[in-house]
Amino acid sequence: MHAKGKKPEREEYAWVLDYLPYGNPNDSRPTYQKKPLVQGVGDNQFVLMELVPKEGVAPEIQSRVYIGEGDREEIDHVKHRIHYNDLSSGSQLEIPFVLEQSVKHHEERFVKFFNEAHPITTRLHMLELLPGIGKKLMWAIIDERKKGEFKSFADLHERVGAMHTPEKVVVNRILEELKDDNIKYRLFTRPMHRRQD
């Protein structure tokens with residue numbers, strides 16, 4: 001859950017969801033005026049965005065591209081943030097796979113979440129915000145982590161048998177947060193109203 005008032009970190013990397021050689025299909029301008037576009041998802045706070053690739057570059061789908069300060073090999077600039085509904089059908093098909101790659105890439109961060117998740121209110125625990133985790137599974141995770149921190153997704157699965165694929169559980173939560181701009185609690189994403197220029 002993001003601290004209030006703290007300026008959100010900018011995304012340094014993005015994962016390519018779709019390459020649109022003729023720009024956004026919803027753009028009504030004539031084809032010759034449209035430039036190629038890339039739809040991507042940030043690697044840190046899963047910001048959905050449209051990126052403008054460098055002249056003559058067609059970034060590969062599911063590749064991780066640098067979008068931070070300084071020299072960028074493939075991306076000229078970040079155009080703007082977009083909503084989940086603005087994603088092309090190709091992007092919507094790719095996003096679960098790309099998010100899983102990203103979550104595995106940052107496994108340590110998400111294992112830490114399972115180790116440090118705490119109650120939000122007297123009735124609701126952060127772990128319960130994860131799809132498929134009810135009270136019983138929540139207590140199994142809490143009891144197990146008291147014996148020692150989880151070291152990896154595999155360790156979590158081994159010690160809490162009902163947690164088959166922790167990375168997929170995290171991905172499903174990220175997708176819920178991306179699809180609902182008004183979701184009450186955000187564990188892993190940044191709300192839409194803060195722009196990423």
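The values are calculated or read from the model by the stated rules, or taken from the named source; none is laboratory data. All figures in this text were calculated on a predicted structure; none of them were measured in a lab. Reconstructed Cβ throughout: ideal geometry from the backbone, glycine too, with neighbour counts over all protein chains shown. Remember, those area values only see protein heavy atoms, side chains included, never the ligands or the DNA or RNA. Shrake-Rupley method; radii C 1.70, N 1.55, O 1.52, S 1.80 Å.
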Checklist entry - Can you name the residue in region 27-66 that is touching a residue at least 12 places away in the same chain (Cβ under 8 Å) and of a type in the set (Asp, Glu) and is also nearest to residue 99 (Cα to Cα) among such residues? => result 43
Checklist entry - Between a first residue in region 67-89 that is touching a residue at least 60 places away in the same chain (Cβ under 8 Å) and a second residue that is assigned to a helix (DSSP H, G or I), which pairs have beta carbons less than 6 Å apart while being 6 or more apart in sequence or on different chains? => result 84/178; 84/179
Checklist entry - Could we say that residue 176 is part of a helix (DSSP H, G or I), within 24 Å of residue 15 (Cβ to Cβ) and either polar (S, T, N, Q) or touching a residue at least 60 places away in the same chain (Cβ under 8 Å) (or both) here? => result no
Item to check | Some residue of region 57-77 being in contact with a Gly (Cβ under 6 Å, 6 or more places away or on another chain) and open to solvent by 50 Å² or more (accessible area, probe 1.4 Å) | outcome: no
Checklist entry - Out of region 114-151, which residues are touching a Leu at 6+ places or on another chain (Cβ under 7 Å) and under 16 Å from residue 185 (Cβ atoms)? => result 117, 126, 129, 133, 138
Item to check | Condition check for residue 105: open to solvent by 70 Å² or more (accessible area, probe 1.4 Å) and under 14 Å from the mean Cα position of the chain (by Cα) | outcome: yes
Item to check | Pairs, first touching a residue at least 40 places away in the same chain (Cβ under 8 Å) and assigned to a loop (DSSP other than H, G, I, E, B) in region 151-170, second open to solvent by 30 Å² or more (accessible area, probe 1.4 Å) and not polar (S, T, N, Q), C-beta under 9 Å, six or more apart | outcome: 152/107; 152/108
